[in-house]
1. List the pairs from Lys110/Lys169; Lys244/Lys278; Lys124/Lys229; Lys244/Lys317; Lys237/Lys303 whose alpha-carbon separation is above 19 Å, in the order I gave them.
2. Please find the FRET efficiency linking Arg71 to Arg216, where r is the Cβ-Cβ separation and R0 is fixed at 25 Å, and quote it to the nearest 0.05.
3. Taking the Cβ-Cβ separation of Phe159 and Glu197 as r and a Förster radius of 22 Å, what is the calculated FRET efficiency to the nearest 0.05?
4. By the gyration tensor of its Cα atoms, with a ≥ b ≥ c the square roots of the eigenvalues, what is the shape of the range 126-251: rounded for a/c under 1.5, prolate for a/b over b/c, or oblate?
5. Less than 12 Å apart at the alpha-carbon level, and either on another chain or at least 8 residues along: which aspartates and glutamates does that give for Lys207?
6. Asp331: net charge of surrounding residues, Cβ under 15 Å, Lys/Arg +1, Asp/Glu -1, itself excluded?
7. Quick one: compute the contact order of the range 153-235, relative version, from alpha carbon pairs under 8 angstrom and 6+ residues apart, as a percent.
8. Net charge near Asp306: determine it from the other residues with C-beta under 11 Å of the C-beta of Asp306, scoring Lys and Arg +1 and Asp and Glu -1.
Amino acid sequence: MIVRSAQKQTLLHVPEAFGRGVQPVAGILARRSTNADALTNGCRPWTWGVSGVLADAFRDPNGYFQRARFRFSEWRSGYETERRLFEERHGYPLDLENPKSFSEKICWRKLFDRNPLLQRVVDKYAVRSYVTEILGKERADEVLIPLLAVATDPADIPFDKLTGNYILKANHGSGLNRLVRDDRQPDVPAIINQCREWLSQSYGTYKHEWAYEAMRRRIVVEALIDDGKGLPVRECKFQMFGGKCALIQVLNDGSWYDGVNYLGDGLPTLTYFTPDWKPLDVSWYYYWIDLNFPSAPSQPRPKNLDAMIELAEALSKPFDYMRVDLYELPDGIRFGELTPYHLSGHSRITPREFDFELGSLWQLPGRRGART
């Protein structure tokens, strides 16, 4: 990758893994190269600009050097930070040598499972081709949400040609989403800036979610699906072990879509069911928002539940564990995403026995323990 300073047409070779990407690094260089204080301090702008870029790179938590330092420090300490956070949130120590609970096995996967297929399916753009390969083009076209645009530079998104409601997503993380509705004029410069900020973030490193780190970062624009009345649809998250469904989490409120509050300040309901639609008195504690979501155990069974489970089985079959997110629409099923690191293994499950019950369903590949 090459960037040019603003004041001189000098070429700087910057590794692709530099962390912030072309736009932010070029921006830092331009700001430092034209800074008047550098001139008054007797520094040549170009020289100060280069040293400033390097200094920023060493300090930047999203940059290559800080990420590499964190990874090495964690490995050398036997994953001290991961162990500490796990025990704080679950109330029992993380056993990486002989993991038994579901949460422990999520953490083991993060640290040791390097199945290259995981990198493909967590990418919100690349997973579309995986769905097509598994289901065939005709079936995939039925379940994939229409793709409106994809870009490595948000400024290349053709906002003037986008119509209707749509959602922008960063392909390399979770929760990096923004809804755009056709009843409001979009603030395109603000959207571009927000998307560039997403692309500057290294989502997976500090949670040890390896599969998210190496992908080429993009902004994906998809049509915003609804229930035919302009409201969000019910989302079903299928917990799949060895290609078989053990648990269904149902997100339903009519105000949230893909983790984004769509209409107001209310919380969605998050309810847990068996595959034959019997409610379960279990919960995950969402530590980053400090609550358990309310439940709605009396909600009706999806009329397409059997077809949804069949679809989840097909998409999860190559994996020992996978969460498959699907949407229930009046005219059928839509694919959401595949998630191999459910809540990063850091959300407390109540009752604790259920954590170990789910863990007993997960047969890990050949294991190796953490360095101690």
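No value in this document is a laboratory result; all are computed from the given coordinates. Predicted model, so just to flag it, every value in this text is computed and none were measured. Counting neighbours? That spans all protein chains shown, and the Cβs are built from the backbone with ideal geometry, glycine included.
1. On the way: Lys110/Lys169 23 Å; Lys244/Lys278 17 Å; Lys124/Lys229 26 Å; Lys244/Lys317 8 Å; Lys237/Lys303 16 Å.
Listed pairs above 19 Å: Lys110/Lys169; Lys124/Lys229.
2. Details: r = 20 Å, r/R0 = 0.80.
Step by step, r from the Cβ atoms, then E = 0.80.
3. Working: r = 17 Å, r/R0 = 0.79.
Given R0 = 22 Å and the Cβ-Cβ separation, E is 0.80.
4. On the way: a/c = 1.67, a/b = 1.21, b/c = 1.38.
Oblate shape, in that a/c is at least 1.5 and b/c is the bigger or equal ratio.
5. Cα-Cα hits under 12 Å: Glu74, Glu82.
6. On the way: positive: Arg139, Lys229, Arg234, Lys303, Arg334; negative: Asp141, Glu142, Asp226, Asp227, Glu328.
For residues surrounding Asp331, the net value is 0.
7. 37
8. Details: positive: Arg301, Lys303; negative: Asp276, Glu310, Glu313.
So the surrounding residues net to -1.
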